[in-house]
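Enquirer: Right, I'll just put the structure down here and ask away after.
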Amino acid sequence: MENEKRRPLSNVRAGETVTLAGIEAGRGLHSRLASMGLVTNVEITVVSNNEPGPFVISVKNSKMMLGRGMAHKIMVL
Amino acid sequence: MDKKIKAALAGNPNSGKTSIFNMLTGAHQHVGNYPGVTVEKKEGTFKYAGFEITLVDLPGTYSLSAYSIEELVARNFVIEEHPDVVVDIIDASNIERNLYLATQLIEMNAPLVLAFNMSDMAEQRGLKFDIGQLSKLMEAEIVPTVGNKGKGKIELLDAIIKTSGQGKRQRIHKVHYGEEIEHELAEIGMLLADKEQQLVENHGCRWLAVKLLEHDSDITVKVHSREVLEAVTAGIEHLKSIFADEPEIVMADRRYGFISGACQETIKTTVESRHSTSDMIDSIVTNRILGLPIFLMLMYLVFLSTFKIGKYPMGWLEQFFGWAGITIAGFWPVGSESWLKSLLVDGVIGGVGGVIVFLPNILLLFLAIALLEDSGYMARAAFIMDRVMHKIGLHGKSFIPMLIGFGCSVPAIMATRILENKRNRLTTMMAIPLMSCGAKLTIYMLIIPAFFEEKWHGPMLWLIYIIGILLSIVVIKVLRLTVFKGETTPFVMELPPYRMPTGKSVCIHMWHRGWMYLRKAGTIILAVSIILWVAMSYPKPSDQSLEGLSAEQAQQKKLEHSVIGRIGQAIEPALKPLGFDWKIGTALIGATAAKEVFVSQLAIVFAVSSQEAGGADGEKSAQNLREKLQANYTPLTGFCIMLFCLIYAPCVATVAMTRQETNSWGWALFQFFGLTALAYVVTLVVYQIGNSIAG
Ligand SMILES: Nc1nc2c(ncn2[C@@H]2O[C@H](COP(=O)(O)OP(=O)(O)OP(=O)(O)O)[C@@H](O)[C@H]2O)c(=O)[nH]1
Ligand SMILES: [Mg+2]
């Protein structure tokens, strides 16, 4: 059930708020994202999804820009 | 004798470290509103209350596991140099994420002071801190500061001095990683204490064990004991099987757990946090359709105003140097010939003055760059360009060093340190000289008004810059398909909040750059101008050989006889197909010392060559030079000069920086010759096509 809702961040539209479920990336990148505040269960609001360009998300009190490749690797619920 | 204290300023990118550094030391290090402004450590020393404090400003880092080169600089300093105090500059308006680094510093047992910077922003967001309680939990002094307004200075200094006396110490409150991990940590710790005494003495048992479980490669290579390494590998495998995740990720989670525990009790939010204005601006400037046109429009405005506003002060400076030339020439009797007069009037005033007249334009350019950096738009430009950059195999972040390149290639090449991937970094570095720097602006400012109508000035300048960007895109694409083949790496970057640039910081920035420009004019350009003047005036042909020639012919003969004349004639055949004569050719050679030399060299060539051919003394201003250019060359040649100068060999300072940052002469020379070849081909094509259309 839970697993069905799991989708990459790149599929989330602007304005939606989701929670981070996991990151499917190599170790270096994974811990980098963690140090920037992207850890499991954190709330992510997608500010803009400039398909096919990059992303802006808001996490806690900061805004981040992500490449689309990155957004594919971040799984959310 | 003052007691000495060495304090390091660490913290997340863009949290205000350099602002605090400037506040405490009185320095004017570069501050900007985007992550990654500082990429190299900077030291400053001052005295306070009987202490001599050496403060080290570090590049920003999110954690002690470095991910890019500039972060490595910060990490190594904190870990290897054992500063007496580490001051963690925390963006108090974004406290939880910023405390992450603090938990790692605490784990190191570092003597720690927490500066809650941006406390004005935190207040605006309605955050209230129970500093006393938080300080107890973190076991570190906490000082609220406002770095750009100088608030909290004394309190911070006192905290630094107090903490420096305490030395390294274990904390009572530490992140508890949970039963399983703690068990592994204890086990590895025990082995370490036994087998790696030296390391443990330097870094502490627990911290080492944590780093080893985190796969930290720098620490892992320092461990020589097989037993320890085997225990670590076994531990990691065991933990992986329990958590179905890398131990370091679980540990990161636990750290945030610790932080949110500490924050829950000590931070109150009174206002619902919102940044609606910032969001609204973002929805317009980063809009997928409007974003790029807005960016190009802003660029256009910058160049238009560089001309429109810069025109007046430039005129005054031209008049001043014209007057100075006449005055100095007046010391000699009319019609007399003196080498000193020629050196001063043609070489120094003509050459150096010809460059200094563009100071106002340079200041305007750097005003624009300062606004770009301080407002927060810089990071947005990276966002806007991401789509384009992605197509050519890089990502938007590469555009930040490129934008810095509009000011000067040297810091731009250094700024590529923020790019994590080596191939991306090298590619970006190679393309940076295609961003027209401030020095190249002087060339355009000389050429454009000489050949084009006033209404075309702004658009023409804009066009040259756009050509530079387009060429860089082609170059990057080609490099990514050939020399630097490879996957594009995913990227992530923080977007700073918009800030109103303060007059003070903008002025400091402009003053700094203006001063650098003047200093360059007074040193390198002066020296090169004199050398070129000498090379153009000597050796002189014998008097007999000049007999019977008209003044004009004699002058021509003298020039041909000089060192420059000979070099010029030697290279002229190669430059002819580009529409350049030997005068332009020699200026191009001189300009590899510094691009402004092109302007001063042309001024000298035309001054010397018209000297006795009837030109009245002192008429050596840029205006005059433009008239001579117009008389000697076509607008097509003018355009080709700009094109060639835009592309060809970077200046020596850039070559040296590329060499330093790539650690290889190979790449520096590749850049130097590659760009020169490109310049030749592009200019050749443009000139030949242009010529056949016109002809
Ligand atoms: N409102 C507010 N702005 C601040 C404060 N301190 C610094 N700033 C601004 O924050 C931005 C970043 O400041 P820097 O000092 O360059 O930050 P840094 O930590 O050195 O950044 P990096 O070198 O990129 O890691 C600048 O625009 C400063 O003017 C503060 O206390 N309050
Ligand atoms: Mg800085």
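The values are calculated or read from the model by the stated rules, or taken from the named source; none is laboratory data. Everything numeric here is computed off the predicted structure, so don't read it as measured data. When we count neighbours, we look across all protein chains shown, and the Cβ atoms used for this are built from the backbone with ideal geometry, even at glycine.
Enquirer: If a residue has to be of a type outside the set (Gly, Ala, Ser) and within 16 Å of ligand 2 (Cβ to nearest atom) to count, how many in region B:93-145 make the cut?
Expert: 5
Yes/no per residue for (1) closer than 26 Å to B:Ala262 by Cα; (2) touching a Ser or Thr at 6+ places or on another chain (Cβ under 6 Å); (3) assigned by TED's automatic domain parsing to the domain that holds B:His82:
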site: B:Arg171; (1), (2), (3): yes, no, no
site: B:His183; (1), (2), (3): yes, no, no
site: B:Gly189; (1), (2), (3): no, no, no
site: B:Lys195; (1), (2), (3): no, yes, no
site: B:Val200; (1), (2), (3): no, no, no
site: B:His203; (1), (2), (3): yes, no, no
site: B:Leu208; (1), (2), (3): yes, no, no
site: B:Leu213; (1), (2), (3): yes, no, no
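Enquirer: Going through region B:275-309 one residue at a time, which ones are surrounded by fewer than 14 Cβ atoms within 10 Å (Cβ to Cβ) and within 14 Å of chain A (Cβ to nearest Cβ)?
Expert: Hits for region B:275-309 are B:Ser276, B:Thr277, B:Met280, B:Ile284, B:Ile289.
Enquirer: Now for a different question. Please work out if B:Leu72 is within 14 Å of chain A (Cβ to nearest Cβ), surrounded by fewer than 18 Cβ atoms within 10 Å (Cβ to Cβ) and more than 8 Å from ligand 1 (Cβ to nearest atom).
Expert: Yes.
Enquirer: For A:Gly37, all conditions in the list (1) at negative phi; (2) buried (at least 17 other Cβ atoms within 10 Å of the Cβ) hold save one; what is the number of the exception?
Expert: (1)
Enquirer: Find the residue count for region B:6-34, including only residues that are away from ligand 2 (no atom under 11 Å from the Cβ) and of a type in the set (D, E, K, R).
Expert: So the answer is 1.
Enquirer: For region B:438-480, give me each residue that is charged (D, E, K, R) and crowded, with 18+ Cβ neighbours inside 10 Å.
Expert: B:Lys440, B:Arg480
Enquirer: If you don't mind, there's one more thing I want to ask. Return a yes/no flag: does region B:302-323 have any residue that is within 28 Å of the chain's Cα centre (by Cα), hydroxyl-bearing (Ser, Thr, Tyr) and part of a helix (DSSP H, G or I).
Expert: The answer is yes, given that some residue of region B:302-323 is within 28 Å of the chain's Cα centre (by Cα), hydroxyl-bearing (Ser, Thr, Tyr) and part of a helix (DSSP H, G or I).
Per-residue answers, yes or no, for (1) surrounded by 20 or more Cβ atoms within 10 Å (Cβ to Cβ); (2) in contact with a Gly (Cβ under 9 Å, 6 or more places away or on another chain); (3) of a type outside the set (S, T, N, Q):
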{"site": "B:Thr523", "(1), (2), (3)": "no, no, no"}
{"site": "B:Ser542", "(1), (2), (3)": "no, no, no"}
{"site": "B:Gly548", "(1), (2), (3)": "no, no, yes"}
{"site": "B:Ser600", "(1), (2), (3)": "yes, yes, no"}
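Enquirer: Another question, if that's okay. So is B:Val483 crowded, with 19+ Cβ neighbours inside 10 Å and away from chain A (no Cβ under 14 Å) or not?
Expert: no
Enquirer: Still on this structure: Do any helices (runs of 4 or more DSSP H) entirely within region B:364-458 hold 1 or more residues that are away from ligand 2 (no atom under 16 Å from the Cβ) and either farther than 28 Å from B:Val599 by Cα or within 14 Å of chain A (Cβ to nearest Cβ) (or both), and if so, which?
Expert: The qualifying helices (runs of 4 or more DSSP H) are B:377-391, B:399-404, B:422-431.
Enquirer: Would you be able to tell me the number of residues in region B:68-95 that are charged (D, E, K, R), at pLDDT 90 or above and farther than 25 Å from B:Cys205 by Cα?
Expert: Residues flagged as charged (D, E, K, R), at pLDDT 90 or above and farther than 25 Å from B:Cys205 by Cα within region B:68-95 amount to 1.
Enquirer: Which ones in region B:11-64 are more than 13 Å from B:Val87 (Cβ to Cβ) and hydroxyl-bearing (Ser, Thr, Tyr)?
Expert: B:Tyr34, B:Thr38, B:Thr45, B:Tyr48, B:Thr61, B:Tyr62, B:Ser63
Enquirer: Specify the residue that is nearest to B:Leu403 (Cα to Cα); the eligible residues are those in region B:36-69 that are among the acidic types (Asp, Glu) and within 13 Å of ligand 2 (Cβ to nearest atom).
Expert: Ranking the candidates gives B:Glu40 first.
Enquirer: Could you please let me know if A:Leu77 is surrounded by fewer than 19 Cβ atoms within 10 Å (Cβ to Cβ), of a type in the set (A, V, I, L, M) and more than 7 Å from chain B (Cβ to nearest Cβ)?
Expert: yes
Enquirer: Further, regarding this structure: Hey, does region B:46-53 have a residue that's outside any strand (DSSP E or B) and either farther than 24 Å from A:Leu33 by Cβ or in contact with a Leu (Cβ under 9 Å, 6 or more places away or on another chain) (or both)?
Expert: The answer is yes; a qualifying residue exists.
Enquirer: Please specify each residue of region B:497-520 satisfying the condition of being assigned to a helix (DSSP H, G or I) and of a type in the set (D, E, K, R).
Expert: Scanning region B:497-520 gives B:Lys504, B:Arg513, B:Arg519, B:Lys520.
Enquirer: In region B:1-45, which residues are part of a helix (DSSP H, G or I) and either under 18 Å from the mean Cα position of the chain (by Cα) or near ligand 1 (Cβ under 8 Å from one of its atoms) (or both)?
Expert: B:Lys17, B:Thr18, B:Ser19, B:Ile20, B:Phe21, B:Asn22
Enquirer: Another question, if that's okay. Check B:Met280, B:Met299 and return the single one that is closer than 24 Å to A:Ile57 by Cα, in a helix (DSSP H, G or I) and either without any contact (Cβ under 8 Å) to a residue 40 or more places away in the chain or touching a helix residue (DSSP H, G or I) at 6+ places or on another chain (Cβ under 8 Å) (or both).
Expert: It is B:Met280.
Enquirer: Can you name every residue in region B:489-522 that is out of contact with any helix residue (DSSP H, G or I) (no Cβ under 7 Å at 6 or more places or on another chain) and within 14 Å of chain A (Cβ to nearest Cβ)?
Expert: B:Glu494, the sole residue that qualifies.
Enquirer: May I ask you to list the residues in region A:30-74 that are within 7 Å of chain B (Cβ to nearest Cβ) and over 26 Å from B:Asn287 (Cα atoms)?
Expert: A:His30, A:Ser31, A:Arg32, A:Ala34, A:Ser35, A:Val39, A:Thr40
Enquirer: Okay, moving on. Name the residues in region B:194-253 that are of a type in the set (Phe, Trp, Tyr) and within 14 Å of another protein chain (Cβ to nearest Cβ), would you?
Expert: Result: B:Phe243, single match.
Enquirer: Next up: Pull up region B:46-57, narrow it to residues that are more than 8 Å from ligand 1 (Cβ to nearest atom) and within 17 Å of B:Ala10 (Cα to Cα), then point me to the one that is nearest to the other protein chains (Cβ to nearest Cβ).
Expert: B:Val56
Enquirer: Next question, about the same structure. Pairs please, first residue from region B:25-37 and touching a residue at least 40 places away in the same chain (Cβ under 8 Å) and away from every other protein chain (no Cβ under 14 Å), second anywhere and more than 6 Å from ligand 1 (Cβ to nearest atom) and assigned to a loop (DSSP other than H, G, I, E, B), Cβ atoms under 7 Å, 6+ apart in sequence or on different chains.
Expert: Close Cβ pairs (under 7 Å, with a partner that is more than 6 Å from ligand 1 (Cβ to nearest atom) and assigned to a loop (DSSP other than H, G, I, E, B)) amount to B:Val37/B:His30.
Enquirer: Let me confirm something: among B:Gly405, B:Gly347, which residue is buried (at least 24 other Cβ atoms within 10 Å of the Cβ) and either of a type in the set (Asp, Glu) or free of Cβ contacts under 8 Å to residues at least 40 places away in the same chain (or both)?
Expert: Step by step, each of B:Gly405, B:Gly347 is checked, and only B:Gly405 is buried (at least 24 other Cβ atoms within 10 Å of the Cβ) and either of a type in the set (Asp, Glu) or free of Cβ contacts under 8 Å to residues at least 40 places away in the same chain (or both).
Enquirer: If you don't mind, there's one more thing I want to ask. Given the structure, is B:Ile89 assigned to a helix (DSSP H, G or I), within 13 Å of ligand 2 (Cβ to nearest atom), within 17 Å of B:Lys153 (Cα to Cα) and in contact (Cβ under 8 Å) with a residue 24 or more places away in the chain?
Expert: no
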